[in-house]
Amino acid sequence: MKISGSTALVTGANRGLGLAYAQALLDRGAAKVYAGARNPDSVTDARLTPVRLDINNPAEVAAAARELADVDLVINNAGISTGGSLLDAPDLDGLRADFETNVFGTVSVARAFAPVLKANGGGALVNMLSALSFITFPHIGSYSASKSAAWSVTNALRLELNAQGTLVIGVHAGYIDTDMAAQVDGPKSDPADIARAVMDAIENGDEEVLADEVSRHVKAGLAGGVRVLYPSLV
């Protein structure tokens, strides 16, 4: 689809990658960009239209879908990471929180806006996933599990929305230089670079974005099996 002239919604758009997405849409000529955030006052870019939207709040999701009837592009960016181990965490609260936002919240937005996209010609739905959809580590098993589930959800949505002409894009990347990865040592991608790659995918009709070398390397490793992905196994 053409971004120029489109009307877009970006969830979690007040900072980090969400803000980079919103700004990239404007740079590509989007006519209007709704910036979803729990606190609309946290959206400070005057070019954006703030929208109160907590993707874990069904009433707010439903209200957004009613009020933003002109949207033809949705970027499901909002997400969290509790950073928890599956076995060492004191309870399952972190795992539930990761799934609540990264899976159920993502699906909630997709369900609410699917009819809106259909009414506006199909458009596109972008789900922000992760290289950790493909691989996991003990200290972040909770987040990885939620992103693997979100990857499966994205594939299912792609099949279900195909008939109405909606392009569904799954975006995978390694660590990105945002608040979520602030405590991570090692290489991080610039959010603007990820956003540009996704803009290209929207306009080219690509269904998957491996946005950096980390995601490309890990995705290629899936064909090698468990022992290739996890060489520490004996």
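No lab work stands behind these numbers, since they all come straight from the coordinates. Note that the structure is predicted; figures quoted are calculated from it, not measured. Please note: Cβ atoms are built from the backbone with ideal geometry, for glycine as well, and neighbour counts cover all protein chains shown.
So, R0 is 41 Å and r is the distance between the beta-carbons of Phe137 and Glu67; what FRET efficiency does that work out to, to 0.05?
0.50
Do the alpha carbons of any pairs in Lys2/Lys219; Lys147/Lys219; Lys2/Lys188 sit beyond 18 Å of each other, and which pairs?
Lys2/Lys219; Lys2/Lys188
Which length gain, in nm to one decimal place, applies between Ala31 and Met180 when the Cα-Cα distance is subtracted from 0.36 nm times their residue separation?
Extra length from Ala31 to Met180 when fully extended: 50.7 nm.
Rounded to the nearest 20 debye, what is the charge dipole size of the chain about its Cα centre when +1 sits on each Lys and Arg Cβ and -1 on each Asp and Glu Cβ?
Around 420 debye, computed over the chain.
If I model a spin label at Glu160 and Thr44 as a point 7 Å from the Cα along the Cα→Cβ vector, what separation in nanometres do I get?
So the label points at Glu160 and Thr44 sit 3.8 nm apart.
Of Ser142, Ser130, how do they rank once you tally other Cβ atoms within 10 Å and put the fewest first?
Ordered by Cβ neighbours within 10 Å, fewest first: Ser142, Ser130.
Around Ser85, with a cut-off of 15 angstrom between Cβ atoms, what is the net charge of the other residues, counting Lys and Arg +1 and Asp and Glu -1?
-3
Ignoring everything except DSSP H segments at least 4 long, calculate the 222 nm mean residue ellipticity for the chain; use -39,500 (n - 2.57) per segment, divide by total residues, nearest 500.
It comes out at -12000 deg cm²/dmol, rounded to the nearest 500.
Using a basic spin-label model with each label point 7 Å from the Cα along Cα→Cβ, how many nm lie between Asn204 and Ala192?
2.1 nm
Using the Kyte-Doolittle scale, find the helices of the chain whose mean hydropathy is at least -1.0 and whose Cα atoms extend 18 Å or more along the helix's long axis, counting only whole DSSP H runs.
Long hydrophobic helices here: 106-119, 141-161, 191-204.
Between Leu233 and Ser152, how high is the FRET efficiency from 1/(1 + (r/R0)^6) when r is the Cβ-Cβ distance and R₀ = 41 Å? Nearest 0.05.
Efficiency, from the Cβ-Cβ distance: 0.95.
By counting other Cβ atoms within 10 Å of each Cβ, how are Tyr175, Tyr34, Tyr21 ranked from fewest to most?
Fewest-to-most ranking of Tyr175, Tyr34, Tyr21: Tyr175, Tyr34, Tyr21.
Given the Cα-Cα distance of Ala223 and Asp91 and 0.36 nm per residue of separation, how much length would full extension add, in nm?
Result: 44.1 nm gained on full extension.
GNM, the chain, Cα, under 10 Å: largest mean-square fluctuation among Asn120, Asn102, Asn14?
Asn120
So, counting K/R as plus one and D/E as minus one, what does the shell of residues with Cβ under 10 Å around Ala37 add up to?
Spelling it out: positives minus negatives among the neighbours equals +1.
Which FRET efficiency value, to the nearest 0.05, do you get for Arg52 and Lys118 by plugging their Cβ-Cβ distance into 1/(1 + (r/R0)^6) with R0 = 35 Å?
0.90
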